[in-house]
Amino acid sequence: MGTISFVILNYKTYGETIACAASILTTQTYPDIQIVIVDNGSENGSAEQLREHFAGEARVHIVAAEQNLGFAQGNNLGIRYAREHFHPDFVVAANSDIIFEQTDYCEKLYGIYERKPFAVLGADIIDASRTQHFNPVARARVYTIPYMRKQALISSCKAWMFRAIRLLRLKKAVAGYYGIATNEAGVDVSDGSKNLTTREVEGRSVSADVRIGEELTDVLLHGCCMVFSKDFFAEFDGFWPETFLYAEEEILYYLAKKRGLVMLYSPEVVCMHKEAVTTRQIYTDFCDAKIFYFSNVAKSYRKFLKLMREYEVRG
């Protein structure tokens, strides 16, 4: 068995990133681990804080981007560094708000791959309350140009809807519907009345409060933590680089199916996701957060549409 590299993408959340890396260093029994932290142009001293904290830790490597490259290119910067320097058997790409607690997480990757060679693996990702399970996002989804055109339009309309809500000062009137309350610090937070973690089953969105206890292939996986094997890198260098934020896992799923690559969900490996820490760090107003989210989703979907049209032309 060889090296396993963890790539952690940091944007203005160095405290979360330190906790993520520390969870790997303190729990994993596997001897050959390398952690690459990419500071994605944070401009808040993140790179300096990370270098200072991990000074003397030979297994942690800080790579600083000069500007915010977005999710795909930021991760790809770290993936490229890991592959060039360590030639890993697996690359685990994790958001800064992921916590690893399973001591044999790394060993299990080899066992799963030996039994079912995969290109991309998704774990049982749980939320901080340990009641919600993010994977798999969908057991099967068919992407067509009309479907994606519709999704891009819906996302764009939702972004404009929240702009109108903010402009007309209707936030208080609709906040309850979205399960949002304002705390004493003036920050919009979930009031616990809404379960926003869902998965798609037979085309319907359902609560993701039940763990899927069986391995599933060719499923849509959550992008907050993905494991890439050498099978994946035989076809691709990393995430499709044309999006800035959101829809990366959907594009990955689409491309994997086009190339016949195995995307596998396995409940044998587990990690915890605090969810949306970076977005909350930047936006304390839920309307601003929704506008940011749906605007970027719409942009990514339009890029996705362009990719799909190119594949359609190729036949």
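Points worth noting:
- Pairs, first under 19 Å from Cys224 (Cα atoms) in region 197-211, second in a loop (DSSP other than H, G, I, E, B) and not hydroxyl-bearing (Ser, Thr, Tyr), C-beta under 6 Å, six or more apart: Thr197/Gln132; Thr197/Ala208; Thr198/Ala208; Arg199/Val137; Arg199/Ala208; Ser207/Asn195; Ala208/Gln132; Asp209/Gln132
- Between Ala140, Ala175, Ala152, Ala128, the distinction of being within 22 Å of Thr243 (Cβ to Cβ) and among the aliphatic types (A, V, I, L, M) belongs to Ala152 only.
- Top-ranked residue in region 287-310 [being under 15 Å from Arg163 (Cβ atoms) and of a type in the set (A, V, I, L, M); ranked as surrounded by the fewest Cβ atoms within 10 Å (Cβ to Cβ)]: Ala289
- Hits in region 1-41 - residues which are of a type in the set (Asp, Glu) and either buried (at least 18 other Cβ atoms within 10 Å of the Cβ) or under 13 Å from Ser96 (Cβ atoms) (or both): Glu16, Asp39
- Among residues of region 91-107, those that are under 21 Å from the mean Cα position of the chain (by Cα) and surrounded by fewer than 21 Cβ atoms within 10 Å (Cβ to Cβ), counted: 3
- Considering residues of region 276-286 that are in contact with an Asp or Glu (Cβ under 8 Å, 6 or more places away or on another chain) and either among the β-branched types (Val, Ile, Thr) or modelled with pLDDT of 85 or more (or both) only, the residue surrounded by the fewest Cβ atoms within 10 Å (Cβ to Cβ): Thr284
- Considering residues of region 174-211 that are modelled with pLDDT under 75 and of a type in the set (A, V, I, L, M, F, W, C) only, the residue surrounded by the most Cβ atoms within 10 Å (Cβ to Cβ): Ile180
- Listed by position, the strands (runs of 3 or more DSSP E) enclosed by region 1-114 that each have at least 1 residues that are free of Cβ contacts under 8 Å to residues at least 60 places away in the same chain, closer than 20 Å to Lys274 by Cα and of a type in the set (A, V, I, L, M) are 33-40.
- Unmet requirement for Asp32, which otherwise passes all of (1) under 21 Å from Gly223 (Cα atoms); (2) touching a Gly at 6+ places or on another chain (Cβ under 8 Å): (1)
Residue-by-condition table, conditions (1) under 25 Å from the mean Cα position of the chain (by Cα); (2) more than 21 Å from Val262 (Cα to Cα); (3) modelled with pLDDT of 90 or more:
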| position | (1), (2), (3) |
| --- | --- |
| Arg115 | no, no, yes |
| Ala119 | yes, no, yes |
| Ile126 | yes, yes, yes |
| Arg130 | yes, yes, no |
| Ala140 | yes, no, no |
| Ile165 | no, yes, yes |
| Arg169 | no, yes, no |
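- Cβ-Cβ distances below 6 Å connect the following pairs, each with a first residue in region 263-289 that is closer than 21 Å to Glu107 by Cα and among the hydroxyl-bearing types (Ser, Thr, Tyr), a second residue that is at pLDDT 70 or above and assigned to a helix (DSSP H, G or I), and a separation of six or more residues or different chains: Ser266/Ile112.
The values are calculated or read from the model by the stated rules, or taken from the named source; none is laboratory data. All figures in this text were calculated on a predicted structure; none of them were measured in a lab. For neighbour counting, all protein chains shown are included, and Cβ atoms are generated from backbone atoms with ideal geometry for every residue, glycine included.
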